[in-house]
Amino acid sequence: MFKKLLLSLGILPMTTLAFQIGAWVGGPGQYPQPTQQNVQAFQDLQGTHLDLISYFALFDINDWNATREYADVAKNNGSTLVVTWMANGYNAQELVNGKADSYIREYAKGVKAYGEEIWLRPLHEANGDWYDWGVGKAGAGNTDANVAEAFRHIVKIFKEENVTNVKWVWTTNASNQGNGTTLTGNYPGDEYVDYISIDGYNWGKCQSWSSWQTFSQVFKKAYNALANIDKPLFIAEISSSELGGNKAEWITDMFEHFATDFSRVFAVMWFSQSKEANEGDWALNTSQAAVDAWKAGIAKMKAMQPGSSSSQGVSSSSNGTDIVPNGRAASSSFRLQDGKLYMQTSKALKASVVQFDYQGRVLWQSAVQHFTPGEHALDVSEASTRSIYRLNVLR
């Protein structure tokens, strides 16, 4: 019953991870790469460190030796390299049949010898019609079933080579494109996946077919579809056009959702590149307002981390005794009594309450509410272990 409650709220009882910031850092040239110079330029732009660095590798063209250059950039920067591993030239059944096995196995050996943690996301956006492995690609013969099997086949080769320093990322596009496509049908199974992710863009009015979409309009459908997959979730590619709306406000709204109804998201990776005329200008710094909104959003998420000065909480035993305030409890305090959480606040707040266990796992989260000064009673689910209640105050 408790898990059903969590699912109805769009929350899963999984280990929470510190919120991470990543990017495809773009840079000058038609094919910019995450060089040390480009990474540093993006960090200077956002005013903080990059936790995750995006890199795109093509089957047969980019072997491990080519990838290693950028893995070293990430390592020296104290970041993790996230490799979007693109099987260009192969449909799903060809991968299942072993046509790319030699290349995959050599790549696996290189990753193993390197030793540092690498995130690999093969066969991304398979619910579209633009890649050779896409279920929607006309005439390719791809199905949800053989795309999932192709993903498993790749992972199995790494297991055969005893590679233990990879985190496997499965990615769905935020919307389906093409016949037979589904948001989650090509999911290969929990045994083969460490993290799940979503790619999505607000194209604005940069195309004849496109219109301005809010963050929620782009991502909500996919986010809800992934609710039953018990894996940590992040946004692997995201950006917004400046055409047709306010990009800075779009970014601000995005971080607002991360703090509220998209609370499962543990990382966001901006696709920062000014591309050719047939695509949007995805770079972060298309306006100073957009950059400022991104920086403010990062600060907001960091402030909300457990133990930060902007979160307030109370720990309790499962029977509601032994209340110990922590964090900044001067302007608000908590007590548990008769299955309710009572919050006393001296000022008006817009906030949600999150319940964690002592291992940092999310047990429950309330909806965002407007609290007036005074005492408020919230219905909370009884936890079987000691837990921490944190008040996330939205500004």
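Let me make sure I get this right: for segment 168-312, a, b and c are the square roots of the gyration tensor eigenvalues over alpha carbons, sorted descending. Under 1.5 in a/c it's rounded, otherwise prolate if a/b > b/c, else oblate. Which is it? Here segment 168-312 falls in the oblate category.
Using a 1.4 angstrom probe on the protein heavy atoms only, line up His153, His49 by accessible area, largest first.
Numbers: His153 40, His49 70 Å².
Correct descending sequence by accessible area is His49, His153.
With the cut-off at 1.5 for a/c, could you classify segment 99-219 from its C-alpha gyration tensor as rounded, prolate or oblate? The shape class here is prolate. Among Lys99/Lys156; Lys112/Lys159; Lys75/Lys167; Lys137/Lys275; Lys137/Lys167; Lys302/Lys340, which pairs are too far apart, with a Cα-Cα distance over 21 Å? Those over the limit are Lys137/Lys275; Lys137/Lys167; Lys302/Lys340. Less than 17 Å apart at the alpha-carbon level, and either on another chain or at least 8 residues along: which aspartates and glutamates does that give for Lys109? Cα-Cα hits under 17 Å: Asp60, Asp63, Glu69, Asp72, Asp101, Glu117, Glu160, Glu161.
Which of the lysines could a cross-linker span from Lys295 if the Cα-Cα distance has to be under 16 Å and same-chain partners fewer than 8 positions apart are dropped? Straight-line reach from Lys295, under 16 Å: Lys247.
The values are calculated or read from the model by the stated rules, or taken from the named source; none is laboratory data. All values reported here derive from a predicted model rather than from experimental measurement. For the accessible areas, the whole protein counts, side chains as well, though only heavy atoms, and no ligand, DNA or RNA atoms are used. Shrake-Rupley method; radii C 1.70, N 1.55, O 1.52, S 1.80 Å.
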